[in-house]
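The values are calculated or read from the model by the stated rules, or taken from the named source; none is laboratory data. Note that the coordinates shown come from a computational prediction; the quantities given were computed from them, not determined experimentally. A quick note on method: Cβ atoms are made from the backbone with ideal geometry, for glycine too, and the neighbour counts reach across all protein chains shown. Side chains included, ligands, DNA and RNA excluded: accessible areas come from the protein's heavy atoms. Shrake-Rupley method; radii C 1.70, N 1.55, O 1.52, S 1.80 Å.
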Amino acid sequence: MNAFVKLAGRFARPDPKNLTAEQQKVVDEVMASRGSDRGRPYSFRGAFYPVLQNPELLSPMQKVGEYLRFKCHLSEDLVELAILISLRQCNCRYAWDGHAPNALKAGLPANVIQAVGENRRPAGMSPAVTAVHDFAIALHREKQVSDELFAAARGHVGEQGLLDVVAICGYYTMVGMVIAADRTPIPEGRSAPF
């Protein structure tokens, strides 16, 4: 099964040739939701690989991730913005390396991506990007959001979209924490701005 990317980390990686039925089922779910069913190549990697030891956790985890990446009430650029902010707040270089190109492809300006990576407030953001950025930063750093930031973000993305921003922040913090605990290395020859 060459779809597995086995980077050194501290958690054991199940052998792709000796997966239990439950592990294989969740691998198939992940591959379908992120790869072949979307018409693009995907390899089994990142936080999913170590969590595969616990398929009962990985199955619902990957379904939440699928919803947030591909089905939520936000435009793709705002999804990737909230993801990058969450990954940066966790100092998760590995996942940043994968999501920064996605953000650029989704239309998030390069200067915004760079500023988020440098942990500073981007200049020249659109009103919607500003609202989501400021909301997500406050949520991560202050663990609360002012009435003004809440109202501004809700005004741009609605209540469902705002709940999606909160869920993205929580989900990608979990992803970042799995990767941090594992110390998953950034792929050789790649870099992140932090």
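The residues on offer are Gly176, Gly161, Gly155, and the sole one that is in a helix (DSSP H, G or I), open to solvent by 40 Å² or more (accessible area, probe 1.4 Å) and in contact (Cβ under 8 Å) with a residue 12 or more places away in the chain is Gly155. Is it true that Ala192 is without any contact (Cβ under 8 Å) to a residue 12 or more places away in the chain and open to solvent by less than 40 Å² (accessible area, probe 1.4 Å)? For Ala192, the condition - without any contact (Cβ under 8 Å) to a residue 12 or more places away in the chain and open to solvent by less than 40 Å² (accessible area, probe 1.4 Å) - is not met.
How many residues, within region 127-144, are touching a helix residue (DSSP H, G or I) at 6+ places or on another chain (Cβ under 9 Å) and without any contact (Cβ under 8 Å) to a residue 40 or more places away in the chain?
8
So that you can scan it fast, the table gives a plain yes or no per residue for (1) within 20 Å of Phe135 (Cβ to Cβ); (2) within 13 Å of the chain's Cα centre (by Cα):
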position: Gly46; (1), (2): no, yes
position: Leu52; (1), (2): no, no
position: Glu66; (1), (2): no, yes
position: His73; (1), (2): yes, no
position: Leu78; (1), (2): yes, yes
position: Arg88; (1), (2): yes, yes
position: Asn102; (1), (2): no, yes
position: Arg121; (1), (2): yes, no
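Within region 85-98, is even one residue hydroxyl-bearing (Ser, Thr, Tyr) and surrounded by fewer than 16 Cβ atoms within 10 Å (Cβ to Cβ)? Among the residues of region 85-98, not one is hydroxyl-bearing (Ser, Thr, Tyr) and surrounded by fewer than 16 Cβ atoms within 10 Å (Cβ to Cβ), which makes the answer no.
One line per residue, one yes/no per condition, for (1) free of Cβ contacts under 8 Å to residues at least 24 places away in the same chain; (2) over 30 Å from Tyr49 (Cβ atoms):
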| residue | (1), (2) |
| --- | --- |
| Arg93 | no, no |
| Lys105 | yes, no |
| Ser146 | yes, yes |
| Phe150 | yes, yes |
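Residues of region 105-148 that are open to solvent by 50 Å² or more (accessible area, probe 1.4 Å) and either closer than 21 Å to Tyr171 by Cα or of a type in the set (Phe, Trp, Tyr) (or both): Asn119, Arg141, Glu142, Lys143, Gln144.
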